[in-house]
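Each remark here refers to the structure printed beneath this line.
Bear in mind these aren't lab numbers, they're just calculated from the coordinates by the rules spelled out. Source: prediction; values computed, not measured. Note that each Cβ is placed from the backbone with ideal geometry, even for glycine, and that neighbours are counted across all protein chains shown.
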Amino acid sequence: MYYFINTTVTMQQSGVGHAQMKRFDLFKKHGMPVKILTTNFDRSVVPALRHAGVDNNHAVNMFDFFGGTENVATKNFGIKELGLSDAFNIQKTEDGHYDVFHDKQRMMQISMRTDNPNNIDAVTYYDSLKRVIEVDWWDPRGYRSLQQLYDHKGKVRAERVFNDKGRMFYETFHFGKQYDEIDNSLYRIQGFNGNDWEFDGFKNMVQFFLDELVKRDQKEGINDILCK
């Protein structure tokens, strides 16, 4: 199997990404076993791959690999599916989103997808001082995939990634120095092959992912070649 490695795939490809996709198409045309491999958590990677004509059988994302969400079917997830109590007062805003109040206090804001206004994109939660304390993000396939927890200064301190069954399988914490470009203090994969795994850097986690991907392919009699 030939893997073309990138951090992500976007609707508007860079020059390098465009060239990589052209090589991918060329390999497919000549019947070579090939897949696009992405390492970043990116909610838009699946729609971007579909836009480029790449299906589930020809793509692997690291987070989908660890979460068991490589072949999740798309479903709708609207406000009704949140199961909010009747005690909440839901008001639609001018920009098409929804504010949720309880006793005149705004508890949350529900943002809808621009490409599908009936489906949720994110839910932002507020405390009694109107500060953001949590933002949950929905995967375009119709499930909550990312939870971001904020401190009282408005900084993200923890991020958790969930699969389509609602199980958290990844978390990272942000407690770096003030001027560090990357402030993640820990990367943790939970419940993968029955174990929890911790890494002190993103590159180490990617290396673990590549090793486990090779092991999976070898069990299926596939030899891998990784290409940038």
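Distance between Cα centroids, the range 121-172 to the range 60-117: provide it in whole Å. Going from one Cα centre to the other spans 11 Å. Remark on THR39: its backbone amide H falls under 5 Å from those of ASN6, THR7, THR8, MET62, a criterion applied only to residues 5 or more positions apart or on other chains, H modelled at 1.01 Å from N. Between the Cα long axis of helix 15-29 and the first principal axis of the chain there is an angle of about 50°, rounded to the nearest 10. Loop-located trypsin sites (Lys or Arg not before Pro) in the range 31-126 (DSSP state other than H, G, I, E, B) with a sparse environment of at most 13 neighbouring Cβ atoms within 10 Å: LYS75, LYS104.
With respect to the chain, whose longest principal axis is taken over its alpha-carbon atoms, helix 202-219 is tilted by about 50°. log₁₀ I(q)/I(0) of the range 107-167 at q = 0.13, 0.14, 0.15, 0.16 Å⁻¹, via Debye over equal Cα point scatterers, no solvent, to two decimals? Summing over Cα pairs of the range 107-167 leads to -0.36, -0.41, -0.47, -0.53. Given (1) 22.0; (2) 17.8; (3) 19.6 as candidate values of Kirkwood radius over Cα pairs in Å, which corresponds to the one derived from the coordinates? The calculated read-out lines up with (3).
Translational diffusion of the range 38-78, estimated by Stokes-Einstein from the Kirkwood radius over alpha carbon pairs at 4 °C in a medium of 1.567 mPa s, is 120 µm² per second. Inter-label distance, LYS155 to LYS104: 3.5 nm, where each label sits 7 Å from its Cα along the C-beta direction.
Using the Cβ of LEU186 as centre and a radius below 9 Å, the other residues enclosed give a net charge of -2, where K and R count +1 and D and E count -1. Solvent-free Debye calculation, one equal scatterer per alpha-carbon of the range 77-184: log10 I(q)/I(0) at 0.10, 0.15, 0.16 Å⁻¹ equals -0.33, -0.72, -0.81.
Each stretch of four or more DSSP H residues adds -39500 (n - 2.57); spread over every residue of the chain, this sum gives -6000 deg cm²/dmol at 222 nm. Projecting the Cα atoms of GLN147, PRO117, VAL161 onto the dipole axis of the chain, where Lys and Arg carry +1 and Asp and Glu carry -1 at the beta carbon, places PRO117 farthest toward the positive end.
So which chymotrypsin sites (Phe, Trp or Tyr not before Pro) in the range 110-184 are both in a DSSP loop and have at most 16 other Cβ atoms within 10 Å of their Cβ?
Numbers: sites: TYR125, TYR126, TRP137, TRP138, TYR143, TYR150, PHE162, PHE169, TYR170, PHE173, PHE175, TYR179; in loops: PHE175, TYR179.
Answer in residue order: PHE175, TYR179.
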